[in-house]
Every structure is written in C-alpha cells, then in structure tokens.
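Take a look at the structure below.
The values are calculated or read from the model by the stated rules, or taken from the named source; none is laboratory data. This is a predicted model, so every value here is computed, not measured. Cβ placement follows ideal geometry from the backbone for every residue including glycine, while neighbour counts extend to all protein chains displayed.
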C-alpha cells in the first residue's frame, strides 16, 4: 500500500500568496465560466462589489469589515480542492510509475478544512487518525461519530484505523494517560464500526524532536511497562478474533453531515453563532445513547434505505441534495417506526430537517453495533 502525504492541511490549510491568487482565479473561471455568473451567484450588487473580470478577484485577505459570505464559501471549497489536488498529483506519479498497490492518505475525522466526502472517491481505502480525548466526558460519543463518519464515506468497504495512541499524546494543553482498558475499548469500537486494520502512531517512542513525549507501542522504558503489556494484550485479542463479515448496510437511521453546510453556517454575519459540529454531535449522541446504528451522510446520500434521516442545521443544499429521494416521494408506503431523538420529530420514511436537541450526557460505553471485519 502507498501512503501519500500525511494529514493534508492539518497545520496549514490556507494560502493567500500570489500563486494561490492565480490558482483561485482559474478555479473560479472553471466553476462559473463567466464573470456575470459569478456576480449573480455571489450577489455582488450588494455593497457595489461587482467584478469586471476574474483578474479583479483576490483571496479573502485582510479587510476592514466582512467578506462576501458566498465568496468565503467558494474560498473554502477552493482550499479543500487544492489540498486534494496535491494528493492527486502525487497519486498520479505513483500510478505512472506502475504502482498497482492501493493508494490512500490519512483523514482526521470531522476535519473542517477538507471536504472528505469529495475526497473519498479518490481513495482506494479510507484511512483515519483518531485520538479520543481522555479528559472529555463525550469522548466515547465523539469517537463513535468519527468512526461512523469515515465508515460512511465508502459504504460497504472496510476502512483502516491509521493512527491511534497507545497512551498519552503530547499536543493537547493537558495530556493524561489512558485509563486501564481504554485502548482495548477504543479499538473494539473501531472494529465494530467497520475498521479492517488497527495501526498506531508510533512504533518506537522518539528520543528527540517534537513528539518525544507522544506515546508509542514501544515506550522509552521498554517492554517492562504497562503500555507494552497493553499493546501485546491487544494484539493477542485481535489475533484471536478471527474473520468477521465486511461492512453492510445495517443502519436504518442517517444523520446528515455536510462540509459545505459547516463552512457556510459558521461564517460571520448570522443572527447567532452556531457550532455546527456540536449541533450534529448532540443529535448523534441522542441516538448513540440508545444504541442506534447510524450512517453519517451528505444530503444527496439520503435514500429509501433509511427509516429516519436527521438533518441538523441544514443551512444549504446542492441541486442533487434537494431532489426528492424515492423515500420522500412514497407518501403512502409503510415504514418501520423509529423513535426520534426528540418526541416532536417525525418518524416517517422521509428526510426530516430538525433543530438541536437539549444537551445530554454521553453514555459510558460504546453503542451496540454489528460485528465487522478486523485485521
């Protein structure tokens, strides 16, 4: 297998240079074809922002007040596409050299700068890095959401847990050790949600450099350590697990999650401040507490295979996402009853846009899931 790059955009995801300016103009011209179409889409008549040509457009650098919100949405799209373009450029080099092995890069769950739904078709297999925060009361819920998200990016295809920590990390403000049993529990959660490989960062703990305090399979103190024993115990458990079935279409409930909605709804100049991911996680958590299996999908992925679809804060829709699915057009068709996250939510076979539920506490254990394949 070829691993291209590493966590694209993790530490720097926007470029405001002249090279980025020129690439942005090309991207916009390709998207809109004419400057009149761009002006209409961006609503540039307001504040007399109309452009005479694509050469007049710049990245959203420092401004005295607000940037045009539609231009900011396109800037986010452009940034994600440019990160993807970098991956594809390196991928094409490998293919041109005759590579026949699977090619991928590692995702980071709900990572705002990169629209992984657009990236997924270009990955031979989805790989993901997941580091649950031991200090968070919602760590089980949040990790479950991340695993359901990456599983849903390529339905029916096992994914790889590319990075996790054996113990403490070093990059949060406070980095406590994992509690006994946490490594096995987190790994089991990944397998239960479709992971077909369990991997770690890092094998041997670094002696120097920025991540010398990041845990590893083989820690500084060697093999006579709790960390080493936890790792070898996990390996024995995985070896004894045997073959499990590949992921299927088990979930009857979908939670709609969309990067473009995330970007748009969190732009400035709204009536209130919305934390899109937090809202989605609240809805997901209501299902997670009840042991309900969930797919996390884009609006256009909602179909008649679901009994219930929940679309939190669905701020915008693409053309393909607003067309009625077979489910929403079957008004007379019966459906199984599915209890919603709140008593007021519809339980029919249609995609239903709803608002945020009340806050809740995360369950102390992972959701019930179907067994899936493991390495």
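Restrict the check to segment 1-17 and report whether at least one residue is more than 17 Å from residue 126 (Cα to Cα), part of a helix (DSSP H, G or I) and touching a residue at least 40 places away in the same chain (Cβ under 8 Å).
no
For segment 245-262, does any single residue satisfy the condition of being touching a helix residue (DSSP H, G or I) at 6+ places or on another chain (Cβ under 8 Å), at pLDDT below 95 and surrounded by fewer than 17 Cβ atoms within 10 Å (Cβ to Cβ)?
no
Which residues, counting only those in segment 258-292, are closer than 23 Å to residue 190 by Cα, over 17 Å from the mean Cα position of the chain (by Cα) and part of a loop (DSSP other than H, G, I, E, B)?
289, 290, 291, 292, listed by residue number.
Would you point out which residue out of 38, 62 is without any contact (Cβ under 8 Å) to a residue 24 or more places away in the chain and either assigned by TED's automatic domain parsing to the domain that holds residue 317 or in a loop (DSSP other than H, G, I, E, B) (or both)? Talk me through it step by step, then tell me what you get.
On the way: 38 fails: either assigned by TED's automatic domain parsing to the domain that holds residue 317 or in a loop (DSSP other than H, G, I, E, B) (or both).
Only one candidate qualifies: 62.
Give segment 219-237 a look and list any residue that's surrounded by fewer than 17 Cβ atoms within 10 Å (Cβ to Cβ) and either in contact (Cβ under 8 Å) with a residue 12 or more places away in the chain or under 17 Å from residue 176 (Cα atoms) (or both), or say none.
Applying the first criterion (surrounded by fewer than 17 Cβ atoms within 10 Å (Cβ to Cβ)) to segment 219-237 yields 220-226, 229, 232-233, 235-237.
Matches in segment 219-237: 220, 225, 226, 233, 237.
Does residue 283 meet the test of being in contact with a strand residue (DSSP E or B) (Cβ under 7 Å, 6 or more places away or on another chain), surrounded by 21 or more Cβ atoms within 10 Å (Cβ to Cβ), closer than 25 Å to residue 140 by Cα and not assigned by TED's automatic domain parsing to the domain that holds residue 186? Break it down into steps so the answer makes sense when it comes.
Values: in contact with a strand residue (DSSP E or B) (Cβ under 7 Å, 6 or more places away or on another chain): yes; surrounded by 21 or more Cβ atoms within 10 Å (Cβ to Cβ): yes; closer than 25 Å to residue 140 by Cα: yes; not assigned by TED's automatic domain parsing to the domain that holds residue 186: yes.
Spelling it out, residue 283 is indeed in contact with a strand residue (DSSP E or B) (Cβ under 7 Å, 6 or more places away or on another chain), surrounded by 21 or more Cβ atoms within 10 Å (Cβ to Cβ), closer than 25 Å to residue 140 by Cα and not assigned by TED's automatic domain parsing to the domain that holds residue 186.
Name the single residue, out of those in segment 84-110 being touching a residue at least 24 places away in the same chain (Cβ under 8 Å) and surrounded by fewer than 19 Cβ atoms within 10 Å (Cβ to Cβ), that is nearest to residue 148 (Cα to Cα).
So the first thing to find is which residues in segment 84-110 are touching a residue at least 24 places away in the same chain (Cβ under 8 Å), and the list is 84, 86-88, 90-91, 94, 99, 101-110.
Checking which are surrounded by fewer than 19 Cβ atoms within 10 Å (Cβ to Cβ) leaves us with 86, 88, 90, 94, 99, 101-102, 109.
On the way: 86: 26, 88: 25, 90: 28, 94: 30, 99: 30, 101: 26, 102: 22, 109: 9 Å.
Restricting to residues being touching a residue at least 24 places away in the same chain (Cβ under 8 Å) and surrounded by fewer than 19 Cβ atoms within 10 Å (Cβ to Cβ), the top hit is 109.
Find the residue count for segment 95-112, including only residues that are more than 14 Å from the chain's Cα centre (by Cα) and at negative phi.
Of the residues in that region, 9 qualify.
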